[in-house]
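Asks: Pasting a structure below so you can have a look.
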Amino acid sequence: MQQRNISFNNFEQCIKCTICTVYCPVVSVNPAFPGPKQAGPDGERLRLKNKFFFDENLKFCMNCKRCEVACPSGVKIADLIHSARRNYDKQFPELRDVVLANTDLMGKFARPVAPLVNSLISTKPAKVVMDVMLDIDRNRAFPKYQSRGFRGWFKKEARAAQDCYRNQLAYFHGCSTEYQHPEVGKAFVQVMNAVGWGVRLLKEKCCGVAMISNGLWSQVARNANHNIAEFRKAVSRGLPIVATASTCTLTMRDEYPHILGIDNADVRDHITLVEKFLFEKLDAGEIRLVFKNDYRARIVYHIPCHMEKLGWSIFTEELIRMIPGVSLTVLDSGCCGIAGTYGFKKENYASSQAIGKSVFDQINALSPDFVCCECETCKWQIEMSTAYKVFNPIVILAEALDLEATAAANQPR
Amino acid sequence: MRYDVILIGGGLSSLVCGITLQKAGKRCLMVSAGQNALHFSSGTFGLLGKLPNGKEVSEPIAAIHKLGASHPYSKIGGGKIMEYAKATPQFFADCGIELKGNRNSNMYRLTPSGTLMPCWLALKETTVFPSRKERLRGRMLIVNFAGYLDFNTDFLAEGLEKMGVSVSRIADVKLPDVEHLRQNPTEMRSVNIARVMDREENWKQFAKEVADLLQGEEYVVIPEVFGLADPMVCEWLREMIPAEILFAGTMPPSVPGIRMQMLLKRAFVYAGGTFLMGDEVLASEVSEGRARSVRTANLGAIDVEADHFVLASGHFFAKGLLSTPKAVLEPVFGLDVSYPADRNSWYDIDFFAKQNYLGFGVETDQDFHPFKDGSPVGNLYVIGAELGGCNSLFEGSGAGVAIMTAFRAAEIIMNE
Ligand SMILES: Cc1cc2nc3c(=O)[nH]c(=O)nc-3n(C[C@H](O)[C@H](O)[C@H](O)COP(=O)(O)OP(=O)(O)OC[C@H]3O[C@@H](n4cnc5c(N)ncnc54)[C@H](O)[C@@H]3O)c2cc1C
Ligand code: SF4
Ligand code: SF4
């Protein structure tokens, strides 16, 4: 008799209720995608019999994890789908996918010539070339590369001052902070310093989420092993690892073990997101925040898919609601359609915009001052598709805080 | 982390209670794990269809005084029930859910197997009849999607013919996007079809095919898989198809029930409530007769505190109650549950007979405060299917108990 009936990916727990299908954003726009139940637990049953049953169309899954959040039986549907892609899909990724997946390499090449690259990728001829040669949709607005990255700024302007803080943490900034949005990292350092925490940088590599989506398996395993080794060093020095991007956080905590089979059990619980970190310290009475008196904003909060999966949006909500003068409306949660590199691909552009429509419509109807969101790819998508700006919560906090008064309130007595 | 009220469960009862409290200015947190009974809803609400002795009820509110003292309705009292019943349609309309029905008398809904069952209020799109004796005159076409097995057209035909109509034909339609689903036969389920049918080109094509099939029939029956995203689609189908449409329920999951769940959740979040989807309350702290805090799977070691707690975690199926060979347990707070010691009396081996275990539940006082080790927990309220004192499936009172106890607990909390 079989003693244990639950496999690693617990597909046997599926009760065939089809609830996952209700929440899968791809199902309604792309008939070629078999849907979470079929692609996940049902398909797994067949694939275990014979790998011949592997279905190419699993690539249409955006790995948004909304199916997993909705599943009443806790089946790790998206993990099943992407593990299957890793185990059975022997096709070599095409050039376009390699280009899109290498968010850090792309940034490294682009940076020295950032102004040129930015104006080039926003010109019509370049977009047509990318569209025709690389299948990157020509309607897509590209995020702008910054000529000076976050690390450069940190080294020059901030590093020397970090030693004077009694508490120290390690910051995982991620690619978008380094290459496109250094303001997120700057805000992080400002806020952390104000509450009495010094910031150390790691020798980090891209978390690899886009490599998972695009099937660059050996490359992502290299990055994952590198990052986990770095985290071990940090943890052994007593440093918590704090990130500002929800997707990097989820990837390094859960995708490394679940999809790549890389054991991170000893460091996983030390990897956290800034909103959770700040909230816990506040809740424990270890830090204090002092806000400006005259800050006013009507904010809507778009919960990114991976934040929903982490289940930590409550921390962002609580923090933003602490700011006097802010009204916060949480959007009825849905996918914005970008899903990392998914929406950049020509074959996905139309479905990506159709998926995001409900989010865009809600934002337009509420006409806020701006949108709050932890994910930078959601930011690009929402800013391209609505008239509103999107800011990372840490940027909003840095703006709303009276940093001097906060620093004074957190002086050791 | 502190809230005014923490609600455990994300089903009908929790949502009604949470929306009421949040709109009244209470800061609410709702933790919702897993599946709830709305996913199986018939698109109708039952208040009271049968008395515990099996006698059918036609005027549910008027019959409440016939229930025993431990029944949740008896604890609320007829006067309050009347008041909440009056408020119910407007409450749901404010959440974007239009209900029909006369609150004082029951109607009859068409079940997926073609029989009639009493119900109290119904979604605007759902097929109901004013009485069991309703007669339908003329001819009827029943339409299904080719290959869709969760819609039993033969049962429906047999049931409807008993109402006087003559079913002239049962026909299938084939639409390319539904045919695509059929490549994986296990995907031919209500919500999969509903998501395909949310697309304008598809429901328009369906309406056209049905209109072409009609040969002067007065009625057409179609499966209730339309309007998941927007119930207006049901109205547009009525305009495009030249016969009276009867939407008939399918096997679960229920498309109208899921839509209702999504709209209620949206109303709660828009009112400012915090909804933790896919999270589960794992532990709780109770001391000196009061619930103090809970912990959830995603929030880890954080104790989430509140002034009031509402437990709406459902019955056995929703894991609000657990059973072992010897005992029935409420897992979150370890509350006292009423059930007979003799396990053989828990169930009847005739599956379709009245099942006693369906009447098990948490014991409470008149104000729905439960007991832990015999002492009441003063700031905890138990509502909905978790409650003992009634066998909702037998009585046809599930949604009614969920809604009425939700309103009652909210009112008590607001008055404190
Ligand atoms: C198959 C079926 C069909 C029905 N059809 C009808 C009908 O047609 N008409 C009618 O009037 N009534 C019907 N009912 C009854 C009625 O719908 C239910 O009684 C009512 O909806 C119950 O609502 P509830 O909120 O109390 O519980 P539920 O809807 O069961 O919700 C309980 C929720 O709590 C969650 N939960 C449990 N434990 C935890 C935890 N530890 N942490 C977080 N969350 C937790 C569960 O996952 C679930 O989401 C039906 C019931 C069933 C089961
Ligand atoms: S929601 Fe979960 S249990 Fe239901 S069909 Fe999907 S995977 Fe299976
Ligand atoms: S991860 Fe997202 S896209 Fe993939 S199956 Fe689940 S819900 Fe659909």
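The values are calculated or read from the model by the stated rules, or taken from the named source; none is laboratory data. The structure displayed is predicted, hence computed values, not measured ones. Cβ sites come from the backbone with ideal geometry, for glycine too, and all protein chains shown count toward neighbours. These accessible areas exclude ligands, DNA and RNA; they are computed on the full protein's heavy atoms, side chains included. Shrake-Rupley method; radii C 1.70, N 1.55, O 1.52, S 1.80 Å.
Asks: From the list A:Asn9, A:Asn50, A:Asn63, which residue is of a type outside the set (A, V, I, L, M, F, W, C), away from ligand 1 (no atom under 16 Å from the Cβ) and open to solvent by 30 Å² or more (accessible area, probe 1.4 Å)?
Replies: After ruling out the rest, the residue left standing is A:Asn50.
Asks: Can you tell me which residue within segment A:306-328, out of those that are in contact with a Lys or Arg (Cβ under 6 Å, 6 or more places away or on another chain) and open to solvent by 20 Å² or more (accessible area, probe 1.4 Å), is farthest from A:Ser246 (Cα to Cα)?
Replies: The residue in question is A:Gly325.
Asks: Here's another thing I want to ask about it. Taking B:Ala297 and the conditions (1) within 22 Å of the chain's Cα centre (by Cα); (2) open to solvent by 50 Å² or more (accessible area, probe 1.4 Å); (3) within 20 Å of A:Glu68 (Cα to Cα); (4) at the interface with another protein chain (Cβ under 8 Å from one of its Cβ atoms), which numbered condition does it fall short on, given that it satisfies the others?
Replies: (1)
Asks: Hey, another quick one. Among the residues of segment B:80-89, is any in contact with a Leu (Cβ under 8 Å, 6 or more places away or on another chain), assigned by TED's automatic domain parsing to the domain that holds B:Ala409, surrounded by fewer than 20 Cβ atoms within 10 Å (Cβ to Cβ) and at pLDDT 95 or above?
Replies: Within segment B:80-89 (the criterion being in contact with a Leu (Cβ under 8 Å, 6 or more places away or on another chain), assigned by TED's automatic domain parsing to the domain that holds B:Ala409, surrounded by fewer than 20 Cβ atoms within 10 Å (Cβ to Cβ) and at pLDDT 95 or above), the answer is yes, since at least one residue qualifies.
Asks: Has segment B:265-278 got any residue that is within 13 Å of another protein chain (Cβ to nearest Cβ), open to solvent by 60 Å² or more (accessible area, probe 1.4 Å) and either among the acidic types (Asp, Glu) or assigned to a helix (DSSP H, G or I) (or both)?
Replies: Yes, there is a match, as at least one residue in segment B:265-278 is within 13 Å of another protein chain (Cβ to nearest Cβ), open to solvent by 60 Å² or more (accessible area, probe 1.4 Å) and either among the acidic types (Asp, Glu) or assigned to a helix (DSSP H, G or I) (or both).
Asks: Right, here's the next one. Which is within 24 Å of the chain's Cα centre (by Cα), open to solvent by 20 Å² or more (accessible area, probe 1.4 Å) and near ligand 2 (Cβ under 9 Å from one of its atoms), of A:Gly74, A:Gly40?
Replies: Every option except A:Gly74 fails the conditions.
Asks: Residues of segment B:294-350 being of a type in the set (D, E, K, R) and either within 10 Å of ligand 1 (Cβ to nearest atom) or touching a residue at least 24 places away in the same chain (Cβ under 8 Å) (or both), which ones?
Replies: Across segment B:294-350, the qualifying residues are B:Asp303, B:Glu305, B:Asp307, B:Lys319, B:Glu330, B:Asp336.
Asks: Hey, could you check segment B:124-140 for residues that are in contact with a Ser or Thr (Cβ under 7 Å, 6 or more places away or on another chain) and closer than 19 Å to B:Ser397 by Cβ and say which is nearest to ligand 2 (Cβ to nearest atom)?
Replies: B:Thr126
Asks: Among the listed residues B:Val210, B:Val220, which satisfies the condition of being touching a residue at least 60 places away in the same chain (Cβ under 8 Å), out of contact with any Phe, Trp or Tyr (no Cβ under 9 Å at 6 or more places or on another chain), open to solvent by less than 40 Å² (accessible area, probe 1.4 Å) and assigned to a helix (DSSP H, G or I)?
Replies: Only one candidate qualifies: B:Val210.
Let's see how each residue does on (1) more than 16 Å from ligand 2 (Cβ to nearest atom); (2) closer than 22 Å to A:Glu318 by Cα:
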residue	(1), (2)
B:Leu12	yes, no
B:Leu21	yes, yes
B:Ala24	yes, yes
B:Met30	yes, yes
B:Asn36	no, no
B:Lys50	yes, no
B:Lys55	yes, no
B:Ser58	yes, no
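Asks: Ok, one more. Within segment B:317-368, how many residues turn out to be touching a His at 6+ places or on another chain (Cβ under 9 Å), aliphatic (A, V, I, L, M) and modelled with pLDDT of 80 or more?
Replies: Residues that pass the stated criteria total 1.
Asks: Here's something else I'd like to know. More than 11 Å from chain A (Cβ to nearest Cβ) and either out of contact with any Leu (no Cβ under 9 Å at 6 or more places or on another chain) or touching a residue at least 12 places away in the same chain (Cβ under 8 Å) (or both): which single residue out of B:Ala194, B:Ala146 fits that description?
Replies: B:Ala146
Asks: What's the total number of residues in segment B:300-319 that are more than 27 Å from the chain's Cα centre (by Cα) and more than 13 Å from chain A (Cβ to nearest Cβ)?
Replies: Residues that pass the stated criteria total 2.
Asks: Suppose we keep only residues that are more than 10 Å from ligand 3 (Cβ to nearest atom) and of a type outside the set (D, E, K, R) within segment A:43-65. Which one would you say is nearest to the chain's Cα centre (by Cα)?
Replies: Looking at residues that are more than 10 Å from ligand 3 (Cβ to nearest atom) and of a type outside the set (D, E, K, R), I get A:Asn57.
Residue-wise test of (1) open to solvent by 10 Å² or more (accessible area, probe 1.4 Å); (2) over 23 Å from A:Ile338 (Cβ atoms); (3) outside the structural domain of A:Ile77 (by TED's automatic domain parsing).
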residue: A:Ala221; (1), (2), (3): yes, yes, yes
residue: A:Phe231; (1), (2), (3): no, yes, yes
residue: A:Tyr256; (1), (2), (3): no, no, yes
residue: A:Ile259; (1), (2), (3): no, no, yes
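Asks: Right, next: Run down A:Arg288, A:Arg298 and say which single residue is farther than 19 Å from B:Gly300 by Cβ, part of a strand (DSSP E or B) and at pLDDT 95 or above.
Replies: Selected residue: A:Arg298, the only one of A:Arg288, A:Arg298 that is farther than 19 Å from B:Gly300 by Cβ, part of a strand (DSSP E or B) and at pLDDT 95 or above.
Asks: Something else: Where in segment A:144-258 are the helices (runs of 4 or more DSSP H), entirely inside, with at least 2 residues that are aliphatic (A, V, I, L, M)?
Replies: Hits in segment A:144-258: A:182-194, A:209-214, A:217-236.
Asks: Kindly indicate which of A:Ser367, A:Ser385 is of a type in the set (Ser, Thr, Tyr) and either buried (at least 21 other Cβ atoms within 10 Å of the Cβ) or within 11 Å of chain B (Cβ to nearest Cβ) (or both).
Replies: Of A:Ser367, A:Ser385, the one residue that is of a type in the set (Ser, Thr, Tyr) and either buried (at least 21 other Cβ atoms within 10 Å of the Cβ) or within 11 Å of chain B (Cβ to nearest Cβ) (or both) is A:Ser385.
Asks: Go through (1) touching a helix residue (DSSP H, G or I) at 6+ places or on another chain (Cβ under 6 Å); (2) surrounded by fewer than 16 Cβ atoms within 10 Å (Cβ to Cβ) for A:Glu286 and report which single condition fails.
Replies: For A:Glu286, the exception is condition (1).
Asks: Also, quick follow-up: With the checklist (1) closer than 24 Å to A:Glu178 by Cα; (2) over 19 Å from the mean Cα position of the chain (by Cα); (3) within 14 Å of chain B (Cβ to nearest Cβ) in hand, flag the one item A:Lys276 doesn't pass.
Replies: Here A:Lys276 clears every test but (2).
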